[in-house]
Amino acid sequence: MSNPSLLILPGDGIGPEVMAEVRRVIDWFGDKRGLKFDVSEDLVGGSAYDAHGTPLTDETMAKAQEVDAVLLGAVGGPKYDVLDFSVKPERGLLRLRKEMDLYANLRPAQCFDALADFSSLKKDVVAGLDIVIVRELTSGIYFGEPRGIIEEGNERVGINTQRYTESEIDRVARSAFELAMRRGKKLCSMEKANVMESGILWREVVTEVGKEYPEVELSHMYADAGAMQLCRWPKQFDVIVTDNLFGDLLSDAAAMLTGSLGMLPSASLGAPMANGRPKALYEPVHGSAPDIAGQGKANPIACILSFAMALRYSFDKGDEATRLEQAIENVLAKGYRTADLLGEEGKQPVSTSEMGTAILEAL
Ligand code: ATP
Ligand code: MG
């Protein structure tokens, strides 16, 4: 049997710096755990534009469709601000998401004990927090028609349309239930069925899909109440599923419960492939961070945790993913901090590669 395949797209800015540390981790799993991947690497974003005049070549797109998982660093940077919209670095990432039809965006908010003091919330609210928000990513108000700015009488009107089909709700609900089955078997669906028809349909369809997952305890919450509960006592949740717009807001809020952008991984999942696993792209939540690029300051943990998600969701290696997360927990407990994880304490931060080395040693 051939090895599972992984396409690595380091991208721009700190992307290549954090991805270099992930490559070391991948090599470690190959050498020490016999977990070999067929890894290929390609350009995306500004670096692809510099080499090929497009932020994503057709060859790279085709490759992304073939592999078991794609791991991406970050795209963009001030150098590319002048480019035409159609070739901006971000278009490369959008094309990947669109053509791979990655409709379920998973964003875990997980608080490592050693960083519980670092959150803006009280320690007992966040310590041990481990939840995942599933955000619908390819439909809803960001895509619905009609849209635009039109003239009406003597003023202009800005229009966007919240629109969800039953099948769009059904498929993201399934992703969320599948995830809940692998975790705490608890799912909370959030919408605003009190004021939105799309919310009424959302609730109906999620409830219907839920009948196929009787082991999962399903609850519903209005998204505004959900936002409040997420800040008040986030540990009441395990998996949350919500639409594109509410998910955008709720996942950003949940993310900040845990500390730094440099800690947050994400997965974007699509329809199941022949092997039963979903099409998938894994990436850190942070961007290319041009302000610190090229200085060895970037925190590689978000990108390494994204690889841990790949181990869990694309390669069915949950134990190995836990091993990696545990190594990161140990390193943080020992006090290793990149600059983003230090407040004003005046401690000396470790560099990107020193953090990578510490994680390898902990492994
Ligand atoms: P994008 O538009 O690509 O999302 P952005 O400028 O909006 O980029 P990020 O690149 O995500 O935002 O970063 C915001 C700031 O957070 C950066 O300027 C950087 O200082 C900090 N930051 C982001 N990621 C990391 C990281 N991995 N390690 C350390 N600091 C980071
Ligand atoms: Mg940003």
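The values are calculated or read from the model by the stated rules, or taken from the named source; none is laboratory data. All figures in this text were calculated on a predicted structure; none of them were measured in a lab. For neighbour counting, all protein chains shown are included, and Cβ atoms are generated from backbone atoms with ideal geometry for every residue, glycine included.
A compact table of results
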{"read-out": "Elements of type helices (runs of 4 or more DSSP H) contained in region 272-363, each with 3 or more residues being within 13 Å of ligand 1 (Cβ to nearest atom)", "value": "301-313, 352-362"}
{"read-out": "Some residue of region 6-20 being acidic (D, E), under 23 Å from the mean Cα position of the chain (by Cα) and within 16 Å of ligand 1 (Cβ to nearest atom)", "value": "yes"}
{"read-out": "Boolean, D81 is without any contact (Cβ under 8 Å) to a residue 40 or more places away in the chain and within 18 Å of A51 (Cα to Cα)", "value": "yes"}
{"read-out": "Cross-chain or 6+ apart pairs with Cβ under 7 Å, region 51-67 first and in the same structural domain as L94 (by TED's automatic domain parsing), then among the hydroxyl-bearing types (S, T, Y) and outside any helix (DSSP H, G or I)", "value": "K63/S40; V67/S5"}
{"read-out": "Positions within region 57-86 being buried (at least 16 other Cβ atoms within 10 Å of the Cβ), among the aliphatic types (A, V, I, L, M) and within 16 Å of ligand 1 (Cβ to nearest atom), in sequence order", "value": "L71, L72, A74, V75"}
{"read-out": "Qualifying residue in region 248-263 (condition: of a type in the set (A, V, I, L, M), surrounded by 24 or more Cβ atoms within 10 Å (Cβ to Cβ), closer than 30 Å to G77 by Cβ and within 13 Å of ligand 1 (Cβ to nearest atom))", "value": "yes"}
{"read-out": "The one condition in (1) in a helix (DSSP H, G or I); (2) in contact with a strand residue (DSSP E or B) (Cβ under 8 Å, 6 or more places away or on another chain) that L187 fails to fulfil", "value": "(1)"}
{"read-out": "Matching residues, region 87-129, being charged (D, E, K, R) and not in a loop (DSSP other than H, G, I, E, B)", "value": "E90, R91, R95, R97, K98, E99, R107, D113, D117, K123, D124"}
{"read-out": "Pick from region 70-86, criterion outside any loop (DSSP other than H, G, I, E, B) and over 22 Å from P284 (Cα atoms), ranking: modelled with the lowest pLDDT", "value": "F85"}
{"read-out": "Filter result for E90 (out of contact with any helix residue (DSSP H, G or I) (no Cβ under 7 Å at 6 or more places or on another chain) and more than 16 Å from ligand 1 (Cβ to nearest atom))", "value": "no"}
{"read-out": "Filtered residues of region 154-167 (kept if surrounded by fewer than 22 Cβ atoms within 10 Å (Cβ to Cβ) and either touching a residue at least 12 places away in the same chain (Cβ under 8 Å) or touching a strand residue (DSSP E or B) at 6+ places or on another chain (Cβ under 6 Å) (or both))", "value": "R156, V157, G158, I159, N160, T161, Q162, R163, T165, E166"}
{"read-out": "Residue in region 317-332 that is over 22 Å from the mean Cα position of the chain (by Cα) and either surrounded by fewer than 23 Cβ atoms within 10 Å (Cβ to Cβ) or of a type outside the set (S, T, Y) (or both) present", "value": "yes"}
